[in-house]
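This report concerns only the one structure given below.
Laboratory data are not the source of any read-out in this text; all were calculated from the coordinates shown. In this text, all values refer to a predicted model and were calculated from it rather than measured experimentally. Ideal geometry is used to build each Cβ from the backbone, glycine not excepted, and the neighbour counts take in all protein chains shown.
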Amino acid sequence: MSKLKIAVLISGRGSNLKALIEQASEPNFPAEIALVITNKKDAGGIAHAEKAGIPYVFLDHKAFTNRHDFDMAMHAELLTRGIDFVFLAGFMRVLSKEFVAKWHDKLVNIHPSLLPAFPGVDTHERALVTGVKFHGCTVHFVREEVDAGPIITQEILKVEDKDTPETLAARLLPLEHKAYKHTLRLIAEKRYLVKGNRVETWD
Ligand code: GRF
């Protein structure tokens, strides 16, 4: 049986991309990372794609006159490569509603907070300022509203008195990798069902 073809969109260091590559490299895993797209020419994550022999494409958003045209260029690239499913992994561009609609229930994002708390940027700072005792990360299907959409999985982290935004980020990162690997497994093995705003998953 042919493998589910996954594309990963990145803008930066790509540690979540690396985790996804590791997961997909398990023997007989039913999905492959078939394409990486970056909007940053110097994204550190490109090295992970190169090392794994995964094709990557650089699309400069600044070369397009508007968001829609950039997104449609990405969409065309995804279709050309026969991509079935897209993972956002530190992709620092808001996606147009047309793109999100074309990839409905086939597009996931990882966000460094326990959504719906702290959508947007600076999540660790905001968690500390707000005084929450638990922080974490969320993997969700992408909808038009930024950092919203049916939640697939979350990982939690206890906030310590001595935590800083940097220590929170550092302690959360391995949990992000765990959550994204788990998500890739659920999707590759088709062990999920989206029911309205809820996602059912099973062993
Ligand atoms: C992660 O914290 C992720 O949750 C957020 O952007 C960061 C990307 O990190 N969306 P990396 O590039 O995967 O290392």
*So which GluC sites (Glu not before Pro) in the stretch 104-164 end up in coil per DSSP with only 15 or fewer other C-beta atoms within 10 Å?*
E144, E145, E160
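Give me D69, D147 ranked fewest to most by other Cβ atoms within 10 Å of their Cβ, as a rough exposure proxy. Write out the running numbers ahead of the final one.
Numbers: D69 13, D147 19.
In order of increasing Cβ crowding within 10 Å: D69, D147.
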*Could you give the size of the charge dipole of the stretch 58-163 about its Cα centre, using +1 on the Cβ of each K and R and -1 on the Cβ of each D and E, expressed in debye and rounded to the nearest 20?*
80
*asked:* Quick check: the angle from helix 165-188's long axis to the longest principal axis of the chain, C-alpha only, nearest 10 degrees?
replied: 40
*Selected from I37, I83, S25, residue furthest toward positive end of dipole (the stretch 1-103; charges at beta carbon)*: I37
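What size of dipole, in debye to the nearest 20, comes out for the stretch 1-103 about its Cα centre when the only charges are +1 on Lys and Arg C-beta atoms and -1 on Asp and Glu C-beta atoms?
Details: 13 positive and 11 negative charges, 40 e Å.
My answer is approximately 200 debye.
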_My understanding is that a pair violates if its Cα-Cα distance is over 26 Å; which of K106/K158; K5/K62; K18/K41; K133/K195; K3/K51; K3/K62 do that in this structure?_
K106/K158; K5/K62; K133/K195; K3/K62
*Name the residues whose placed amide hydrogens come within less than 5 Å of the amide hydrogen of I37, ignoring near sequence neighbours (fewer than 5 apart) on the same chain.*
V8, L9, I10, V57
_So if I take the centroid of the Cα atoms in the stretch 127-203 and the same for the stretch 1-20, what is the distance between those two points in Å?_
17
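Using a 10 angstrom Cβ neighbour count of at most 12 plus a DSSP loop assignment to flag exposed trypsin sites (Lys or Arg not before Pro), which longest range of the chain is free of such sites?
Numbers: sites that count: K41, K133, K162, K190, R191.
Free of exposed loop sites, the longest segment is 42-132.
Just to check, using Stokes-Einstein with a Kirkwood Rh over alpha carbon pairs, what's the diffusion coefficient of the chain at 37 °C and 0.692 mPa s in µm²/s?
189
Would you compute, from DSSP H runs of 4+ residues alone, the mean residue ellipticity of the chain at 222 nm, taking -39500 (n - 2.57) per run and dividing by the full residue count, rounded to the nearest 500? Don't skip to the end; give the middle numbers.
On the way: 6 runs with 69 residues, N = 203.
Value at 222 nm, helices only, nearest 500: -10500 deg cm²/dmol.
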*asked:* Students often forget the sequence filter, so: which aspartates and glutamates lie under 13 Å Cα-Cα from K102 once same-chain residues fewer than 8 apart are removed?
replied: D71, D84, E144
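How would you classify the stretch 1-103 from its alpha-carbon gyration tensor, with a ≥ b ≥ c the square roots of the eigenvalues: rounded for a/c under 1.5, else prolate if a/b is greater than b/c, otherwise oblate? Intermediate results must be reported in sequence, preceding the final value.
On the way: a/c = 2.14, a/b = 1.39, b/c = 1.54.
Judged from the Cα gyration tensor, the stretch 1-103 comes out oblate (a/c at least 1.5, b/c at or above a/b).
Looking at the chain, what % of its DSSP beta bridges pair antiparallel, to the nearest 5? Before the final figure, lay out the partial values.
Numbers: 15 of 33 bridges.
Percent antiparallel among DSSP bridges in the chain is about 45.
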*Which ³J(HN,Hα) values, rounded to whole Hz and listed in residue order, are derived for the stretch 72-78 from phi using the Karplus coefficients 6.51, -1.76 and 1.60 in 6.51 cos²θ - 1.76 cosθ + 1.60 with θ = phi - 60°, glycine and proline given as x?*
6, 5, 5, 4, 4, 4, 5
